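First comes the structure, then the notes that go with it.
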Amino acid sequence: MSSTDFEPAPADAPGGAPAPGSTLRQVPRRYLALGLIIVAIFLLGALVLVRDHYAPSSSPTTETFTPASSSLVNTLATLPQTVFDTVGVSSPASPITPLRATSGSGAAPMWQATVNGGPPEPVVFFYGAEFAPYAAAERWPLVLALSRFGTFRQLGLMQSSATTAFANVSTFTFYDTYYTSAHVILEPVERYSSLNPTGARYLSLQTPDTRQRAAISGYASSATTFPLLDVGNRWVLNASSFTPGVLLGLTQDQIAGDLSSPTSPLTEAVVSAANEITAAICAVDGQKPDSVCESRGVVAADQVLKITPPA
């Protein structure tokens, strides 16, 4: 019988030394088999751990912020006053839905807030979702209007969902944005992302606080209807000012470049809406600054919204 058959060996070999191969022969077959099984399980487990550790995630679970370039933000912030005044509120190709006065404009307190202990300032509340094409459209005139009162120091690029009507509208996101102004406070809530990793729902980004939920409950048709724009609890719009179709197929830079042409249908839609938002902000911030609130385009918007500036 060969030594590989694990036959039991004598306890001692001549001379008191272990017989050659006796260590191997003293290990019962069942113990050796059990040991091999344990080693195999350990190796398999190690492979599984390595695979799980290095496997790429099948779906993203966080928002990726892509900042708008300083040149793009500057283009919007420095749009010539002549463009605003030439367009006024004329947009024959894409009719504008104006903001409406709230029922609380005569009784309910104006929505104001403070920043770093400063004086109370009116709040502009935007409730949107990155996937929503109508919210995508409304951010353009809102960014233009707010840029007349302050400065966007951080603004993100975004496209609306590829699976909705008016797919892939180039726009911005107010998620992680940074805006400063001496006249107004911007409170944006981007409720959901533009990503739909599971195929069933979008990522939840921001949750409205108590005051913001009150505005949504009071002025929005539902908590999942986007966008809602509330200017100081005095002027609201639960829709986009114009159809997102005028923006389709264009990048942010192309849209911004087109805004310098006051006869462009795209410019007429975006700038008309921006003048009306500007007029609403002027109505709640004491008509400041004069250079903006007394401009021809804003005065034309005052007439549409039936705002009577102080004499």
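The value for the range 155-311 of Rg(Cα) / (2.2 N^0.38 Å) is 1.12.
Mean projection of the alpha-carbon convex hull of the range 180-249 over all orientations, in nm²?
6.9 nm²
Rolled with a 1.4 Å probe across the full set of protein chains, the surface gives Trp111 an accessible area near 10 Å². The C-alpha radius of gyration of the range 104-245, expressed as a fraction of 2.2 N^0.38 Å, stands at 1.03. Only protein atoms count toward the accessible area here, which uses a 1.4 Å probe; on the range 71-128, the carbon and sulfur part of that area reaches 56 percent. When peptides 130-136, 222-228, 173-179 are ranked by their average number of other Cβ atoms within 10 Å per residue, the highest-first order is 130-136, 173-179, 222-228. A 1.4 Å probe run over the range 153-308, with the rest of the protein chains in place, finds 40 Å² accessible per residue. Per-atom-type breakdown for the range 212-301 gives carbon and sulfur 52% of the accessible area (1.4 Å probe, protein chains only).
Solvent-free Debye calculation, one equal scatterer per alpha-carbon of the range 56-185: log10 I(q)/I(0) at 0.09, 0.11, 0.20 Å⁻¹ equals -0.34, -0.51, -1.40.
Figure legend: label point modelled 7 angstrom from the Cα of Thr66 along Cα→Cβ; residues of the range 120-144 with amide N under 16 Å from it are 130-132, 136. The Cα atoms of the range 167-220 cover 41, 26, 18 Å along the three principal axes, with the biggest extent listed first.
Its relative contact order, with pairs defined as Cα atoms under 8 Å and 6+ residues apart, puts the range 261-301 at 37 percent.
Pairs of alpha carbons in the range 205-292 separated by more than 18 Å make up 58% of all such pairs. Gyration tensor analysis over the Cα atoms of the range 112-185 returns equivalent ellipsoid semi-axes of 27, 11, 10 Å (largest first, whole Å).
The values are calculated or read from the model by the stated rules, or taken from the named source; none is laboratory data. It should be emphasised that the depicted structure is a prediction, and the values quoted were computed from it without experimental measurement. Cβ sites come from the backbone with ideal geometry, for glycine too, and all protein chains shown count toward neighbours. Heads up: the accessible areas ignore ligands, DNA and RNA and are worked out on the full protein's heavy atoms, side chains in. Shrake-Rupley method; radii C 1.70, N 1.55, O 1.52, S 1.80 Å.
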